[in-house]
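Notes follow the structure.
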Amino acid sequence: MTDQIKSEYKSESLMAKRFRKFRSIKRGYYSFIIILTAYILSFFSPFLMNYKALVVSYNGKLYFPVVKYYSAETFGRDDFGEANYRELKQDFKAADNGNWLLMPFYPYGPYESLTDLSSEPPNKPSPQHWLGTDDRGRDVFVRLAYGFNISLSFALIYVSISFIIGISIGAALGYYGGKLDIYTQRFIEIWSTIPFLYTVIIISSILKPNFGLLIFVLCLFGWIGMTYFMRGEFYREKAKDYVHAAIAMGATDAKVIFKHILPNSLVPVITFGPFAIVGAITALVSLDFLGFGLPPPTASWGELVGQGKSNIFTWWLVLFPLLAMALTLLMVVFVGEAIRQAFDPKEFSRLR
């Protein structure tokens, strides 16, 4: 009987309760599964969407063009430069001499300007090009898929770095206070008045923008908000009894900060993370749209949105980039709302 009661009232950790609550919020949970799956698959885009063959069997020898460059002469063609594997596949099929090749599921690349189009680009969606082509003859579907990986990777790296900096500075200010807090706050107030867009324009005119440089520039300003937030959390937590008890027992500052205060201050940070990712993706798209973002021919959502603006009557260049961005941001917001509800301290409080 006692064992039955114990099994019925088995204790559950707070994190397990939060995860169970997160799973019960269906739109947030399924949005997380969809985004995570799409993001993982996006790293395999070169094997799923590419103009290069995965494997070529020619005269009894295997070649792997997806990972190594081969000229057209390698496969007995008189063309200059890299082999056209779509044409090579047709030639192998017509010759029927035992040679074969395996193309990716969607045999077009993100930087490939197609020369076999029936009309001048941009071209409407078709069975060959599901979302049409842009004004340079590049497949829109492929560029959206590659742009998804770039946008989400950019957001995750930027948010991680800015959060680490903001949490570190905010924790130091909130815990030690005094002159360190006063002088650093004055510096932050001055630093936050620097116009972000002008800074990007100046840096872009001096240096060629790239993935790492844009993350660096955004991180110069992105840590400020998290610093204010963590400073307030540490000021509140360090006044509680459990912190005074730890100090009275001889705990070092590092132990008090990292073992006691920081774990109790991270719940709001976790709930704020998805919304920061939304802001980072929007910032990158905006910079690309204005021409201060990633250099061409990078597969960028902002560049595609800019093409839609320049070609307003080519509906596929307007609809599909905006739809891809809207759906991604909407699902990230759903995930953020679900995390916020799951980590709500009132949800599992003793009073409830």
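The values are calculated or read from the model by the stated rules, or taken from the named source; none is laboratory data. Note that the structure is a prediction, hence the values are computed from the model and not measured. Please note: Cβ atoms are built from the backbone with ideal geometry, for glycine as well, and neighbour counts cover all protein chains shown. Please note that ligands, DNA and RNA were not included when accessible areas were found on the heavy atoms of the full protein model with its side chains. Shrake-Rupley method; radii C 1.70, N 1.55, O 1.52, S 1.80 Å.
Residue-wise test of (1) of a type in the set (Phe, Trp, Tyr); (2) more than 30 Å from Ser13 (Cα to Cα); (3) touching a residue at least 24 places away in the same chain (Cβ under 8 Å).
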| site | (1), (2), (3) |
| --- | --- |
| Ile270 | no, no, yes |
| Pro274 | no, no, yes |
| Thr282 | no, yes, yes |
| Val285 | no, yes, yes |
| Pro295 | no, yes, yes |
| Trp301 | yes, yes, yes |
| Phe313 | yes, yes, no |
Qualifying positions in the stretch 165-186 - more than 13 Å from Tyr228 (Cα to Cα) and open to solvent by 60 Å² or more (accessible area, probe 1.4 Å): Tyr176, Lys179, Leu180, Tyr183
Those residues of the stretch 206-249 which are within 21 Å of the chain's Cα centre (by Cα) and open to solvent by 80 Å² or more (accessible area, probe 1.4 Å), in sequence order: Phe216
Segments classed as helices (runs of 4 or more DSSP H), wholly inside the stretch 1-118, with at least 2 members that are open to solvent by less than 50 Å² (accessible area, probe 1.4 Å) and more than 27 Å from Arg340 (Cβ to Cβ): 45-48, 85-95
Test: residue in the stretch 341-350 that is at negative phi and modelled with pLDDT of 85 or more: yes
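Conditions (1) open to solvent by less than 50 Å² (accessible area, probe 1.4 Å); (2) among the hydroxyl-bearing types (Ser, Thr, Tyr); (3) not in a helix (DSSP H, G or I), marked per residue:
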| residue | (1), (2), (3) |
| --- | --- |
| Thr298 | yes, yes, yes |
| Gly308 | yes, no, no |
| Phe313 | no, no, yes |
| Met325 | yes, no, no |
| Val332 | yes, no, no |
| Arg340 | no, no, no |
| Asp344 | no, no, yes |
